[in-house]
Every structure is written in C-alpha cells, then in structure tokens.
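Enquirer: Structure below; questions to follow.
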Amino acid sequence: MAARTNSGKTKRAAPAGDGYVIEARAVSKSYDSGKLTVDALRGIDLKVKRGEVVSVMGPSGCGKTTLLNCLSGLDDVTAGNVIIEGKDIARLDDDTRTDFRARRMGFVFQAYNLMPVLTAAENVELPLLLGDVSPSKARAKAHEALETMALLKWKDHKPAEMSGGQQQRVAIARALVNDPAILWADEPTGNLDTPNALKVIDLLLGVGRSRHQTIVLVTHDPKVGARADRVVMMDSGRILGEEKGDSARGPPPALKRSDATDSS
Ligand code: ADP
Ligand code: MG
C-alpha cells in the first residue's frame, strides 16, 4: 500500500556513511572455554543495503547463529567491526546498544518464545507496552500486526491452541510490531514442514519488503533461502560465496503469494 511505503520511507532516513545498513569488516569471533578455543567466525566481510533480503546458509555449526548474534550486537566480536546504520556498535555503551536494538531491530528465532499464558494479541503488544506506548494504541498496533500475518481471527487464542506455523506468525507479528528497520531471523522455519515454512516465510518477506525493511535470514532450507534477494553461503566460519535468490532472477514470488494470503 502506498501510504505504508511512504511512511516507512519518511521514518527511515538514509543512514550516515556509504548507505549500507549492515556492514561487517573482517569480523572474527572465538569462543574460549578454558582448554578449548572455537573460532566460530574467521574474517567475515558482509555488506547489506537498506531493503535487501539476505539469507545465510551453511551446515550446522558453521557459524550462522554466531554471525547473526555478532551483527545484531547480541554478542561481542573478538576482532573486526560491525557498523549498523553508520554506527560502530562495539563503541556504543550497553544501554545505548540495548535501546538501539529495541528501537531499530526485530528478532525471530526457531523457538517461537511466546508467553504461554498470554493470548496472541497480548504477546504481540508486549514489546510496545515495555516501551512507552499506551495500552489502547498497543492493542491497535498488535491487531494490525496480526492482520499482516493473516492471524487476526486468532488474536484471543493462546499459543497452545495454535499450530507451529501460526505460533511463528505470532512471533513474527511481535517482531514487526515496532516497525523495525532491520529484522534478524535465525532458522525461523526450522520447526515447520515445507508447506508451512514457505507460507510463513512468504508472509514475513511480503510484509518486510512492502515496508522496505532490511532482513537477514539464517536457514538451512534451500527453498526458504532462495526466497531472499541474495544467498550467502558459509562454512567453517567463513563466507564461501553468494548467489542470487529467486526474487532477483524473476518476479518476486514471495510478494505475490503473501498478498494473496493477506487478502483472503
Ligand atoms: P550454526 O548456527 O551455523 O549451527 P553456531 O554459530 O551456533 O553455528 O556455532 C558455530 C561454532 O561455534 C560451533 O562450533 C559451536 O559449537 C560454537 N559455539 C557456538 N556458541 C558457542 C558458545 N557459547 N560457546 C562455545 N562455543 C560455541
Ligand atoms: Mg544456528
């Protein structure tokens, strides 16, 4: 919708620097547990533009989660720099970094991490209530976010009453309710069968693309990974190369499909 695109553009002014929203420069990360050191990332260089959807693929243990955690500032790097929207996140103090994450980033994980005693709407409005949004506005925004995930009918249901795919869509609605500039997703479809995985990913990417959000998606499912604009291949803590996703090869299937779902 035009109104949504326009407001998205006004809100997210171009970042300082060379226009990349995410920039990793020679990032290394080692885990040191006394007798054993694991070099989880070994010199990662990666640049992501505003509005780009990038998937990160590679075998289990190759460093995908570590990369996501280091790029989003959830974890510290051992060497190198991570620049997000022109800011070197290692130079931010803890409070500023936490605030930056809360305002600018959304997260989706493999485990849906919903609060079991809360309804879908209550789960989605939680991040807004933890900020300074009034309860009535939070409820309205939660309903809006659930609607983008084709879940408004389920707003009063608790997680246990919903399927895995529906629960993950609630978690995505919660991640998107703040209209984050950057969305990080770590194996968001890891617990779903392929038809559900593709439905969830198409909804997620449909909303993200319509809002010009930057999305980094970790997945080991090639069908899910191919929905991105760009697929980055990792192994043993390094980037081996990258290829274009489906959307860069032809018309965006994700957008078409999610539009169809939303209007049904
Ligand atoms: P992936 O997400 O690709 O499966 P991870 O980023 O989780 O891989 O892990 C990369 C490597 O770092 C693995 O060898 C893993 O065992 C190791 N690792 C991850 N987290 C920790 C940690 N907190 N402490 C020690 N080693 C870790
Ligand atoms: Mg992982």
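Enquirer: Take the alpha carbon atoms of the stretch 161-214, find their center, do the same for the stretch 222-248, and report the distance between the two centers in whole angstrom.
Expert: 18
Enquirer: Quick one: Karplus J couplings for the stretch 206-217, per residue in order, coefficients 6.51, -1.76, 1.60, θ = phi - 60°, nearest Hz, x for Gly and Pro?
Expert: Per residue, the Karplus-derived 3J(HN,Hα) values read x, 5, x, 5, 5, 9, 6, 7, 8, 10, 10, 10 Hz.
Enquirer: What does the C-alpha gyration tensor say about the overall shape of the stretch 154-199? Classify as rounded when a/c is under 1.5, otherwise prolate if a/b is larger than b/c, or oblate. Don't jump to the answer; show the numbers that get you there.
Expert: Working: a/c = 2.48, a/b = 1.15, b/c = 2.17.
Oblate.
Enquirer: Return the single residue from HIS157, HIS220, HIS212 with maximal mean-square fluctuation; model: Gaussian network over the chain, springs between Cα atoms under 10 Å.
Expert: Of HIS157, HIS220, HIS212, the Gaussian network model singles out HIS157 as fluctuating most.
Enquirer: Something else now. For GLY43, list long-range residues whose amide hydrogen, built 1.01 Å from N in the peptide plane, is under 5 Å from its own amide hydrogen.
Expert: Excluding prolines and chain starts, which carry no amide H, the hits are VAL27, SER28, LYS29.
Enquirer: Another one. At 10 °C and 1.306 mPa s, what whole-number value in µm²/s does Stokes-Einstein give for the translational diffusion of the stretch 23-175, with Rh from the Kirkwood sum over Cα pairs?
Expert: D, rounded to a whole number, is 91 µm²/s.
Enquirer: How big is D for the chain, in µm² s⁻¹ as a whole number, if Stokes-Einstein is applied with the Kirkwood radius of its Cα pairs at 20 °C and 1.002 mPa s?
Expert: D, rounded to a whole number, is 114 µm²/s.
Enquirer: A further question on this structure: Could you tell me the extents of the stretch 175-232's C-alpha atoms along the three principal axes, largest first, rounded to whole Å?
Expert: 28, 23, 17
Enquirer: Continuing with the same structure: Treat every Asp and Glu Cβ in the chain as -1 and every Lys and Arg Cβ as +1, leave all other atoms uncharged, and give the resulting dipole magnitude about the Cα centre to the nearest 20 debye. Provide the component values of the computation, followed by the final result.
Expert: Values: 37 positive and 34 negative charges, 135 e Å.
In debye, rounded to 20, the chain gives about 640.
Enquirer: Below 25 Å, Cα to Cα, which lysines can LYS64 reach? Residues fewer than 8 away in the same chain don't count.
Expert: The reachable lysines, counting only those whose Cα sits under 25 Å from LYS64, are LYS29, LYS35, LYS47, LYS49, LYS87, LYS199, LYS223, LYS244.
Enquirer: Another one. Based on DSSP H runs of at least 4 residues, each adding -39500 (n - 2.57), what is the mean residue ellipticity at 222 nm of the chain after dividing by all its residues, to the nearest 500 deg cm²/dmol?
Expert: -11500 deg cm²/dmol
Enquirer: How much of the DSSP bridge set in the chain is antiparallel, in percent, rounded to the nearest 5?
Expert: Percent antiparallel among DSSP bridges in the chain is about 55.
Enquirer: I need the shape label for the stretch 86-172. Rule: rounded when a/c is under 1.5, else prolate if a/b > b/c, else oblate, with a, b, c from the alpha carbon gyration tensor.
Expert: The shape class here is prolate.
Read-outs throughout are calculated quantities, based only on the coordinates presented, and are distinct from any laboratory measurement. Values in this document were obtained by computation on a predicted structure and should not be read as measured data. Reconstructed Cβ throughout: ideal geometry from the backbone, glycine too, with neighbour counts over all protein chains shown.
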